[in-house]
Amino acid sequence: MEKKLFIFDSNKYPNALYTFDVGSKLFSLFDSNLPIYELNLDNGDKVFLIGEFFYIENNSIISKLADTDIKKTLHSFLNLNVLDDCDIKNKLEGHYIIIRLSAQNNNVVVYGDFFNRINLFYTIKNNNVVGSTLLTKNLIKFAGNEINMSALGNIVSQNYCLDEETIYKNINRLGFNQMLIFNSSGVHIEKKNSFPEINDYTDANLDDYENILINSIDSRKSNATNIVSCSGGWDSTLLLDMLTSLTSQKNIYAACFELSLGDGRIFNQYEIEKVKEIAKNYNVNLCRHTIDPSSNDFLDSYIKYMDNIRQNHLFVLSHHYYHFVETLKSSFGNNVAFFNGEGCDSVHNFGFSQYISINYPDRNFAEYADKMKNFLYGPTFFDKIQKNIYEDDMIYKIFKWHNGLEQSKINYKDISERIFHFFYAFLFSSHRLPLVGNSRPNFFDKNEFEKYISIIKINLQDEIQNIKKSNIYSILSRLYCRYWLKGSNIMRVYSSIRDLGLKPSLPFIDLKLFKFLETMPESWGRGLEMNSVKYPLKKLIEKRPDFPYHIISRTPHSYLTEVYPDTPHLYHVYMCNSTLTEYYKSILADKSKMAFLEHPIFDQNYIKEMKASYLSNKLSEKDVGLFHNIMQVAVFLDT
């Protein structure tokens, strides 16, 4: 076979291409702005480490990498673990990709950190592999731009897709627990799954939780400037509180978005008031960034950062993140760790901690309702699913009644069908109520939706076959790694901070913390007992003498809608009454730019009605989320 070398943007990034010759085939990697360490190991292997590294855990000993000779420490660590790549990613924390060229069997092994927080996009053509940490135009041109139906369905309905997929049929991403192995016989994906069982933690283990979180924050902090994105809630305030114990307050800043509605009102008025008081409580300066949808900056920054958004496979409005980070960089320079509390709800309680499972004015009951919903994804209720007696559960009956589904009773064929629909509701349902059927999104063609369900079922086979009462939490936690934690809402935080040269620091998405929480028992705030949601975090807060309970617990919590229900939804303003509105209308009027809507998955009558509603300024708030996702896809594909 003729050897071929695929070079992307070689003029712009002359030192960023690595090509590894394996027999008559090539593995080519293009990368842009990430640090690269090249190591020669004692056994003759060559290893490339791309990214940033926080700590190593070896034999229960934590070695932080921030203040050491990183290359030397990594060399010593890899020499000890050179033959066990899976072991490496379970001990080395950071945002990275590792490429190992084996001297013994002439192959290339490629894998990411535990969560794959740096994308590796790749395509295979004639048994040659081309990979890139950015979804570049040249990669798309080389692989082809045919649309991936299942990914498109997920993106339009959820704004994220399976971590192994992209919107393009012939471009994949390296997925959770996957390793790409490439040699003279070709390329294959190896996947090593494990699902640890629930531990019987006691309150003695709360110290373990505290030490893990301290290490996660400490290993990510900067010796110069640390900025904490603050929302006025428990998670971000705890990060700020703990940072003040780990570094000087002069090195710490709070930061927040001020979300203008464009008419003089601030959508998150109560959140801003809290953040001001919290910053004062800790004696740190506050950086505020106003997002004004009526300003020209709102449109200009959207267009300015569109290439970044495309290259990072993002399908939510993300330009304001980039704009804010750029503003902070102009004030503080590059040596900045930008802390964000994203992922906290996910790893502790699967997102059931927003006080919205049952809307109720008493926050104590609203919190307990979150625990009730979390109970439906725990071992006690799953035992009833296995025995097919779940319909008699009182908590389940309450939520069916609350969602108007009390008459819904579906006789699933067997246990595997019940388990699949249990997973489907957890990942994709708007009400997240299991076993009440798969409600078809309005935009989805009926026949194509059945095909889409079949593909999802195939993707979930490993989890379906392995789930049991004793490992349910690790199964669900690792599903989060395959979907939500690689989705646009999380990845836009990483991408905007990293692309602009700062250090993304998300301590709740941490290797050791994840492994601790994925085996956390039902009694730690995940069931019907009286321990609070995010139990270990709340218990840790009780020990923090400066934590401002009186500010955090005050209502209203964040938004004008809590007091004035008729306040327009923020995204409705962004889509329908901002400087983006005419821009979107011009795209919508261009048939070539909206050609993807002719894909068979779309119900053409529904799409036609929604387009007409938008162009006539009559789009309803219930459709704004879907329309937002459709327009992000349209702009994304307009390359």
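The values are calculated or read from the model by the stated rules, or taken from the named source; none is laboratory data. Note that the structure is a prediction, hence the values are computed from the model and not measured. Note that we place each Cβ from the backbone using ideal geometry, even for glycine, and neighbour counts take in every protein chain shown. The protein model used for the area step is the full one, side chains on, heavy atoms only, and it has no ligands, DNA or RNA in it. Shrake-Rupley method; radii C 1.70, N 1.55, O 1.52, S 1.80 Å.
What to note about this one:
- Restricting region 125-234 to trypsin sites (Lys or Arg not before Pro) in coil, as DSSP defines it, with at most 16 other Cβ within 10 Å: K192
- Taking θ as phi - 60° and the Karplus parameters 6.51, -1.76 and 1.60, the scalar couplings of region 562-572 work out to 5, 10, 10, x, 7, 4, x, 4, 4, 6, 5 Hz in sequence order, x denoting glycine and proline.
- Compactness ratio for region 248-318: Cα radius of gyration over 2.2 N^0.38 Å (N = residue count) comes to 1.37.
- Scanning residues 5 or more positions from L460 or on other chains, none has an amide H under 5 Å from its amide H, with H placed 1.01 Å from N in the peptide plane.
- Per residue, the solvent-accessible area of region 243-304 (1.4 Å probe, heavy atoms of protein chains only, all protein chains present) comes to 47 Å².
- Stretchable slack from E57 to K71, in nm (0.36 nm times residue separation minus alpha-carbon distance): 3.4 nm
- Per residue solvent-accessible surface (Å²) - region 63-150, probe of 1.4 Å: 36
- Positive dipole terminus of the chain, leading residue within L240, L597, Y322 (C-beta point charges): L597
- Debye, to nearest 20: dipole size of region 37-140, +1 on Lys, Arg Cβ, -1 on Asp, Glu Cβ: 400
- For region 334-427, the normalised intensity computed at q = 0.16, 0.20, 0.22 Å⁻¹ comes to -0.75, -1.08, -1.24 (log10 of I(q)/I(0), Debye sum over alpha carbons, equal scatterers, no solvent).
- Region 401-530, accessible area per residue, ligands and nucleic acids excluded (1.4 Å, Å²): 35
- Taking amide H as placed 1.01 Å from N in the peptide plane, the amide H of T225 sits under 5 Å from that of A337, each at least 5 places away or on another chain.
- Projected-area average for region 43-102 over all orientations - Cα convex hull basis, square nanometres: 3.8
- Label-reachable residues, region 281-297, where backbone N falls under 20 Å from a point 7 Å from N617's Cα toward its Cβ: 293-296
- ³J(HN,Hα), Karplus 6.51/-1.76/1.60, whole Hz, each residue of region 127-144, x for Gly, Pro: 6, 9, 10, 10, x, 8, 7, 10, 7, 7, 4, 5, 5, 4, 5, 5, 7, x
- Anisotropy class of the chain from Cα gyration tensor, a/c 1.5 cut: rounded
- Whole-number Å³ per residue for the convex hull built on Cα positions in region 371-418: 76
- Sites listed here are trypsin sites (Lys or Arg not before Pro) in region 379-444 whose DSSP assignment is loop and whose Cβ has at most 11 other Cβ atoms within 10 Å: K409, K413.
- Full extension of the segment from K457 to H188, taken as 0.36 nm per residue of separation minus the current Cα-Cα distance, would add 94.6 nm.
- Charge dipole (debye, nearest 20) of the chain; +1 at Cβ of Lys and Arg, -1 at Cβ of Asp and Glu: 740
- Intensity falloff of region 409-560 expressed as log10 I(q)/I(0), Debye formula with alpha-carbon point scatterers, at q = 0.16, 0.17 Å⁻¹: -1.19, -1.26
- Relative contact order, whole percent, for the chain stands at 16, derived from Cα pairs under 8 Å and 6 or more residues apart.
- Apolar share of the accessible surface for the chain: 46 percent from carbon plus sulfur atoms, 1.4 Å probe.
- Among beta bridges that DSSP assigns inside the chain, antiparallel share in %, nearest 5: 70
- Averaging the sequence gap over all C-alpha pairs within less than 8 Å and six or more residues apart, then dividing by the number of residues, gives region 219-357 a relative contact order of 30 percent.
- Backbone amide hydrogens, once placed in the peptide plane, bring Y55 within less than 5 Å of L65, E93, excluding anything fewer than 5 places away on its chain.
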